[in-house]
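The values are calculated or read from the model by the stated rules, or taken from the named source; none is laboratory data. For clarity, every value in this text was computed on a predicted model and none was experimentally measured. FYI the Cβ positions are ideal-geometry reconstructions off the backbone, even for glycines, and counts take in every protein chain you see.
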Amino acid sequence: MQCGENLSKLIHFFGIASPLDVVWSHATNSKVKLERALAPGSRAMILEADVSWGSCGNLKEACIMAHPPMKTSDLTFSDFCRRICKHNRSVEPYRRVGAKFDFKDARCVVPCLELLRELAGTEENVGWPVFLNADVWTGPGGNPPQITPVCIYAHG
């Protein structure tokens, strides 16, 4: 899919005039912040959250919503996504949301993509905008990236 096509779908999904009209909820990494972003009266359209490897409740190793150096959270990636699905099924179209996931640990990428595939089912569409991002280069803080960039070549 081309960038222009993605922008058209985003504009259509939210019923906005421009991608510049998107309202973001940043660092939506806890149950409280998630519920606040989904609450009546919230204008949030895209929920930005960080995906890390750590613990959540009884789970000692899981994909969690947390920004390093945090290694604990009260919210797993699975619960985050399932809550968005539930929310989007129960609200008016103008209140639906999407998500931008910032992957902070390579161990999270495959299980999270598998969950998104499961949620998409045979439609191959989760029903809401999903943006995927990973830190693959050294950023302005000078910290080395936690995820090694990978090039995938299709033969055909």
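Within segment 141-152, can one find any residue that is modelled with pLDDT of 90 or more and either under 16 Å from residue 37 (Cα atoms) or among the aliphatic types (A, V, I, L, M) (or both)? The answer is no, given that none of the residues of segment 141-152 is modelled with pLDDT of 90 or more and either under 16 Å from residue 37 (Cα atoms) or among the aliphatic types (A, V, I, L, M) (or both). When segment 81-99 is filtered for residues that are in contact with a Leu (Cβ under 9 Å, 6 or more places away or on another chain), closer than 15 Å to residue 121 by Cβ and without any contact (Cβ under 8 Å) to a residue 40 or more places away in the chain, only 82 remains. Scanning segment 119-148 for residues being surrounded by fewer than 16 Cβ atoms within 10 Å (Cβ to Cβ) and over 13 Å from the mean Cα position of the chain (by Cα) gives a total of 17. Among the conditions (1) in a helix (DSSP H, G or I); (2) over 21 Å from residue 11 (Cβ atoms), residue 94 misses just one, which is (2). Scanning segment 11-37 for residues that are closer than 22 Å to residue 103 by Cβ and surrounded by 19 or more Cβ atoms within 10 Å (Cβ to Cβ) yields 25, 28, 29, 34, 37. Condition first: surrounded by 10 or more Cβ atoms within 10 Å (Cβ to Cβ), over 22 Å from residue 66 (Cβ atoms) and either among the aliphatic types (A, V, I, L, M) or at pLDDT below 95 (or both). Can you find one or more residues in segment 95-110 that meet it? No; the residues of segment 95-110 include none that is surrounded by 10 or more Cβ atoms within 10 Å (Cβ to Cβ), over 22 Å from residue 66 (Cβ atoms) and either among the aliphatic types (A, V, I, L, M) or at pLDDT below 95 (or both).
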